[in-house]
């Protein structure tokens, strides 16, 4: 810091106008103010040493060097105090108010301290005569002010430049520097072919400075102004340029006024444009945050965040819908509010992984709703970090996968049931062969004429029982043998087979069944799907009716246009279904049996019926003493009652 001040000071002393220690531009003052703003007041000893040695090596008394060092140091400290305490200064110079504050407090006000102390020291030590103190003070003051205006913005702005220029932007900047340098040399150097020197020619550099302000901001503008100031100061010192044809005092004053107009115009324009861009970025960022907040709030997934202490800080609408807590209820509460007690240890392990920089993806676990109900969720957890990269919490996205889990369990159960069905059919098939052999042996035994008394009665009874067993085996084979192709069958046989399969349940609960099915009614449809729908509704009726209750099954044909159909009505005198449940009775996973049902039977049945173009309806009454439930299935089908259908049925049975 001291070396930088010393070099800048020696350059300033190389261009004196009115005396050996008064320069029209004092770049060291700009370095001093920038250093205090960046590093703080603790850097003041370095500024004092730099100022002291700069003047110590000049042709002035050594005691004057101490006074000038004190004045330069006080000037920088005063500038920093005014800017930081009164203007709330931002060293990035990204706001117009920062540039205006630098001009007002740093360049104009604070430099008066340095000018007053410095000129007083020079005149008190006899370096300059008292007769010229007024003009000397003015040049000293404006010189320090120009140093602050030209050098301080350059240092502060370049310090905040982080992104390297692209190739095209770099080429533009180099072209601009070349054009400005050529123009400055043309304006401030003597030319034999131009006989006149007009002050107005100096303003030919303005378009380039404005271009830099627009395209490259405060840093680019300050750099261009520094180039102009360097060329103009050196040229004017050696009597060249539009400001070199008056007295030294007037020349210095005109040059300083030119620098002031050039720097204030360029820097304020650059700062205004920079602030407008910054405000536009802020506006776009705010819009993006609002848009993101709207997305988060409208998401069906639960999106929430918590701090490192496990306290919930944000809670979106999806979280309210999934867990049942409103934002007002849950924010500020521990995250363990929605985590079952047995999973608390897992949460600590998750936080350890996040602190190691890991991310939790699609963790399937269990969470607890406000009602106490446990739900399955898939959770993605990410760490939340502050601007310094420190972890301050975590964000969680939870998706309710309870329905998916139920579907998986139902599919698994269905597969197990299908496996059991196939095994039952296989066992029935294997039993059927030895069963036929036993029936044949009983038949042969009954042919012996000399059988003991009563043996034929026993054999006849055994034959009847074996016939019944054989019938059950055949019904079991028929019930589990599925086919996807339409076939002709008697509806009465399907109903009778269903009664046989569920016979033990019916008998155990003393249920009375009332069947009204035309014996000869033939239909042409998919047997397996028809049986599945009817059996599912019938099983629900068995589970609904009380001990000794009644179930009615009625089947009738419906002649319609353009298609015919059959209507199957299954009614029971169970407790009935209330209206709230009736509205959801066909929804997947909805059940009134609590843990006894999957909630898929009626949903699947309705889907099968509607696939065939029919409909499944339900009516119910829950009045005490007169409760009932009626399911009605309208199944479009070809009603086959002619001889051709009967012959087709015969061929199917033979096959």
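The values are calculated or read from the model by the stated rules, or taken from the named source; none is laboratory data. Computed from a prediction, not measured in an experiment: that's the story for all the values here. Cβ coordinates were reconstructed from backbone atoms using ideal geometry, including for glycine residues, and neighbour counts include every protein chain displayed.
When 219, 270, 244, 213 are checked against the criterion of being assigned by TED's automatic domain parsing to the domain that holds residue 26 and over 50 Å from the mean Cα position of the chain (by Cα), a single residue qualifies: 244.
Quick one: is residue 92 part of a helix (DSSP H, G or I) and either assigned by TED's automatic domain parsing to the domain that holds residue 154 or in contact with a strand residue (DSSP E or B) (Cβ under 6 Å, 6 or more places away or on another chain) (or both)? Judged against the criteria, residue 92 is not a match.
Name every residue in the stretch 334-371 that is touching a residue at least 40 places away in the same chain (Cβ under 8 Å), over 17 Å from residue 399 (Cβ atoms) and touching a strand residue (DSSP E or B) at 6+ places or on another chain (Cβ under 9 Å), in order of residue number. Of everything in the stretch 334-371, those that are touching a residue at least 40 places away in the same chain (Cβ under 8 Å), over 17 Å from residue 399 (Cβ atoms) and touching a strand residue (DSSP E or B) at 6+ places or on another chain (Cβ under 9 Å) turn out to be 351, 354. Collect the residues in the stretch 168-188 that are at pLDDT below 90 and either under 49 Å from the mean Cα position of the chain (by Cα) or not assigned by TED's automatic domain parsing to the domain that holds residue 243 (or both), keeping them in residue-number order. The one that is at pLDDT below 90 and either under 49 Å from the mean Cα position of the chain (by Cα) or not assigned by TED's automatic domain parsing to the domain that holds residue 243 (or both): 169. The residues on offer are 600, 522, and the sole one that is out of contact with any strand residue (DSSP E or B) (no Cβ under 7 Å at 6 or more places or on another chain) and buried (at least 17 other Cβ atoms within 10 Å of the Cβ) is 600.
Residues in the stretch 380-396 that are within 12 Å of residue 301 (Cβ to Cβ) and in contact with a helix residue (DSSP H, G or I) (Cβ under 9 Å, 6 or more places away or on another chain): 1 in all.
From the list 451, 419, 470, 414, which one is exposed (fewer than 12 other Cβ atoms within 10 Å of the Cβ) and at pLDDT below 80? None of the others qualify; the one that does is 419.
The one condition from (1) without any contact (Cβ under 8 Å) to a residue 60 or more places away in the chain; (2) touching a helix residue (DSSP H, G or I) at 6+ places or on another chain (Cβ under 7 Å); (3) at positive phi that residue 93 does not meet is (1). On the given criteria, is residue 82 closer than 23 Å to residue 259 by Cβ, in a helix (DSSP H, G or I) and assigned by TED's automatic domain parsing to the domain that holds residue 156? Taking the combined requirement at face value, the residue satisfies it. Is at least one residue of the stretch 140-149 in a helix (DSSP H, G or I) and touching a strand residue (DSSP E or B) at 6+ places or on another chain (Cβ under 7 Å)? Within the stretch 140-149, one or more residues are in a helix (DSSP H, G or I) and touching a strand residue (DSSP E or B) at 6+ places or on another chain (Cβ under 7 Å).
Inside the stretch 546-561, can you point out the residues that are assigned to a loop (DSSP other than H, G, I, E, B) and at pLDDT below 90?
Within the stretch 546-561, the first condition is being assigned to a loop (DSSP other than H, G, I, E, B), and the residues that meet it are 546-549, 559-561.
Those that are assigned to a loop (DSSP other than H, G, I, E, B) and at pLDDT below 90: 559, 560, 561.
Looking across the stretch 326-367, the residues that are surrounded by 14 or more Cβ atoms within 10 Å (Cβ to Cβ) and either within 21 Å of residue 295 (Cβ to Cβ) or outside the structural domain of residue 379 (by TED's automatic domain parsing) (or both) come down to 327, 330, 331.
Does residue 111 meet the test of being in a helix (DSSP H, G or I), closer than 30 Å to residue 55 by Cβ and modelled with pLDDT of 80 or more?
Working: in a helix (DSSP H, G or I): yes; closer than 30 Å to residue 55 by Cβ: yes; modelled with pLDDT of 80 or more: yes.
Against the criterion (in a helix (DSSP H, G or I), closer than 30 Å to residue 55 by Cβ and modelled with pLDDT of 80 or more), residue 111 qualifies.
Considering only the stretch 235-250, how many residues are over 15 Å from residue 201 (Cα atoms) and either in contact with a helix residue (DSSP H, G or I) (Cβ under 8 Å, 6 or more places away or on another chain) or not in a helix (DSSP H, G or I) (or both)? Explain how you work it out, then say what you get.
The initial filter retains those residues of the stretch 235-250 that are over 15 Å from residue 201 (Cα atoms), namely 237-239, 246-250.
Then drop every residue that is not either in contact with a helix residue (DSSP H, G or I) (Cβ under 8 Å, 6 or more places away or on another chain) or not in a helix (DSSP H, G or I) (or both), which leaves 238-239, 246-247, 249.
Summing the residues that are over 15 Å from residue 201 (Cα atoms) and either in contact with a helix residue (DSSP H, G or I) (Cβ under 8 Å, 6 or more places away or on another chain) or not in a helix (DSSP H, G or I) (or both) in the stretch 235-250 gives 5.
Within the stretch 574-600, being more than 14 Å from residue 617 (Cα to Cα), touching a helix residue (DSSP H, G or I) at 6+ places or on another chain (Cβ under 9 Å) and at pLDDT 85 or above holds for 574, 575, 576. If the requirement is being in contact (Cβ under 8 Å) with a residue 60 or more places away in the chain and surrounded by 11 or more Cβ atoms within 10 Å (Cβ to Cβ), which of these qualifies: 149, 165, 189? Step by step, each of 149, 165, 189 is checked, and only 149 is in contact (Cβ under 8 Å) with a residue 60 or more places away in the chain and surrounded by 11 or more Cβ atoms within 10 Å (Cβ to Cβ). Filter the stretch 19-45 down to residues that are crowded, with 24+ Cβ neighbours inside 10 Å and assigned to a loop (DSSP other than H, G, I, E, B) and give me whichever is modelled with the lowest pLDDT. Among residues in the stretch 19-45 that are crowded, with 24+ Cβ neighbours inside 10 Å and assigned to a loop (DSSP other than H, G, I, E, B), the one modelled with the lowest pLDDT is 21. State which residue is farthest from the chain's Cα centre (by Cα) when the search covers only the stretch 506-519 and only residues that are buried (at least 16 other Cβ atoms within 10 Å of the Cβ) and outside any loop (DSSP other than H, G, I, E, B). Out of the qualifying residues, it is 513. The set of residues in the stretch 189-234 being at pLDDT below 80 and assigned to a helix (DSSP H, G or I) consists of 199, 200, 201.
From 102, 49, 86, 74, grab the single residue that is touching a helix residue (DSSP H, G or I) at 6+ places or on another chain (Cβ under 7 Å) and modelled with pLDDT under 90. On inspection, the qualifying residue turns out to be 86.
For first residues located in the stretch 484-495 and within 12 Å of residue 566 (Cβ to Cβ), partners that are at pLDDT 90 or above and assigned to a helix (DSSP H, G or I) and lie 6+ apart or on another chain with Cβ distances below 8 Å form the pairs 494/534; 495/534.
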